Amino acid sequence: MANKQQILEQDNQRRAQGPVTASDPMRLRMEAYVKDLQNRIVEGIEAVDGKKFTRSVWQRPHGGEGITCVMQDGNVMEKAGVAVSVVYSELSKEAIEQMRQDRGKAIEVSDEPLPFFVTGISLVMHAKNPNAPTVHLNYRYFEIMGPDGNPKMWWFGGGADLTPIYLYEEDAVHFHQTYKDACDKFDKDYYPEFKKWCDDYFKNTHRGEQRGIGGIFFDDFNRKPAEEIFPFVQACGDSFLPSYVPILKKRSAMEYTPEMVHWQQLRRGRYVEFNLLWDRGTRFGLQTPCARVEAIMMTLPLTARWEYMHEPEPESREAKLLDVLTNPKDWVPLA
């Protein structure tokens with residue numbers, strides 16, 4: 001019977017032999033993909049900003065590694081982080097119970113350790129200019145390992161969403177159209193389903209407003225063979241730079257005022273509220289043994305603001321954004 005340590009050793013031996021191929025386990029193929037995507041995204045943002053990311057690599061005591069790339073106080077980005085994680089570990093009773101509650105997974109709680117593997121890429125980018133939106137991306141592959149080393153249970157998850165400080169409808173259309181095009185190559189039903197899922201998930205329920213103008217989101221995705229889902233995930237990941245960089249370049253060149261920065265700080269406060277109160281990834285990460293808290297909290301902005309009972313002026317640009325956040329709209333045709 002293979003255990004977590006034996007599977008880790010087998011995987012390390014395979015890594016030492018060279019690049020993975022289509023015949024390798026999905027966990028190794030997804031790991032290779034997210035590492036490559038991280039490098040491409042870092043290079044793409046560095047080309048816009050002119051400043052380099054700081055890269056940190058560390059080994060996880062239980063198995064696996066993390067690679068965190070962070071840029072702070074850049075020329076364009078106030079804070080940008082792109083992290084990859086590779087985790088071999090065992091689910092605690094608390095983590096299993098959280099998964100049962102959040103996901104409705106039929107995972108039995110027992111006194112025996114439940115080995116799992118997860119790899120993924122996560123990024124959040126906060127631009128300096130209030131005209132430029134914050135953006136988030138996350139793609140991951142999770143498997144609970146069986147005694148023979150094959151997945152006992154597996155799924156993909158992820159997506160990308162845009163959080164503007166000031167609404168530019170053409171940016172929302174561009175962002176959504178890019179991801180709709182990626183979805184439509186695989187299944188015409190993906191975009192309308194995952195767009196709604198994104199609207200429903202990225203929501204500050206306690207305030208009755210969305211975090212941003214959405215994008216796509218899916219989780220626990222295993223209703224098709226992994227060999228069909230993996231290319232779809234790759235297409236979505238490859239859509240990030242074309243979905244965001246044109247917006248970033250255009251909006252970061254615009255003039256802005258101290259009043260706009262003040263609004264930006266307030267909206268960042270709402271972003272923090274979602275990540276700390278509602279985001280399942282944050283909760284799962286903090287419950288994982290030997291969690292690296294700095295990498296988990298990488299998604300938060302450098303600065304944010306909370307004011308008591310703040311309301312924007314009626315008919316203002318700020319009020320227009322709030323109207324969209326409380327009444328999500330379809331930015332591109334769903335069909």
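Where a ≥ b ≥ c are the square roots of the eigenvalues of the C-alpha gyration tensor, would you call the stretch 173-244 rounded, which needs a/c under 1.5, or, failing that, prolate if a/b is larger than b/c, or oblate?
Verdict is oblate for the stretch 173-244.
Residue by residue through the stretch 31-39, what is 3J(HN,Hα) from phi via Karplus (6.51 cos²θ - 1.76 cosθ + 1.60, θ = phi - 60°)? Round to whole Hz and write x for glycine and proline.
Rounded to whole hertz, the list is 4, 4, 5, 5, 5, 5, 5, 4, 4.
With point charges of +1 on the Cβ of Lys and Arg and -1 on the Cβ of Asp and Glu, referenced to the Cα centre of the chain, which listed residue (246, 295, 263) lies farthest in the positive direction of the dipole?
Positive-most Cα among the choices belongs to 295.
Shape call for the stretch 229-335 from the C-alpha gyration tensor, a ≥ b ≥ c root eigenvalues: rounded (a/c under 1.5), prolate (a/b greater than b/c) or oblate?
It is oblate, given that a/c is not under 1.5 and a/b is not larger than b/c.
For labels at residue 330 and residue 286 in the simple 7 Å Cα→Cβ model, what's the distance in nm?
Placing both labels 7 Å along Cα→Cβ, they lie 3.8 nm apart.
Measure off 7 Å from each Cα along the Cα-to-Cβ vector at residue 249 and residue 40, then give the distance between these two points in nanometres to one decimal.
Going by the 7 Å Cα→Cβ label model, 1.7 nm.
Suppose R0 equals 45 Å; then what is the FRET efficiency for residue 59 and residue 317 from their Cβ-Cβ distance, rounded to the nearest 0.05?
Efficiency at R0 = 45 Å is approximately 0.40.
How big is the chain on each of its three principal axes, counting only the C-alpha atoms and giving the largest first in Å?
66, 40, 40
From the phi of every residue in the stretch 46-51, what ³J(HN,Hα) in whole Hz does the Karplus formula 6.51 cos²θ - 1.76 cosθ + 1.60 yield, where θ is phi - 60° and glycine or proline is x?
Rounded to whole hertz, the list is 4, 5, 7, 7, x, 10.
Calculated FRET efficiency, residue 12 and residue 223, Cβ-Cβ r, R0 30 Å, to nearest 0.05?
0.40
Quick note: the coordinates plus some simple rules give every number you see, no bench work behind them. Please read all numbers here as calculations on a predicted model, not as lab measurements. For neighbour counting, all protein chains shown are included, and Cβ atoms are generated from backbone atoms with ideal geometry for every residue, glycine included.
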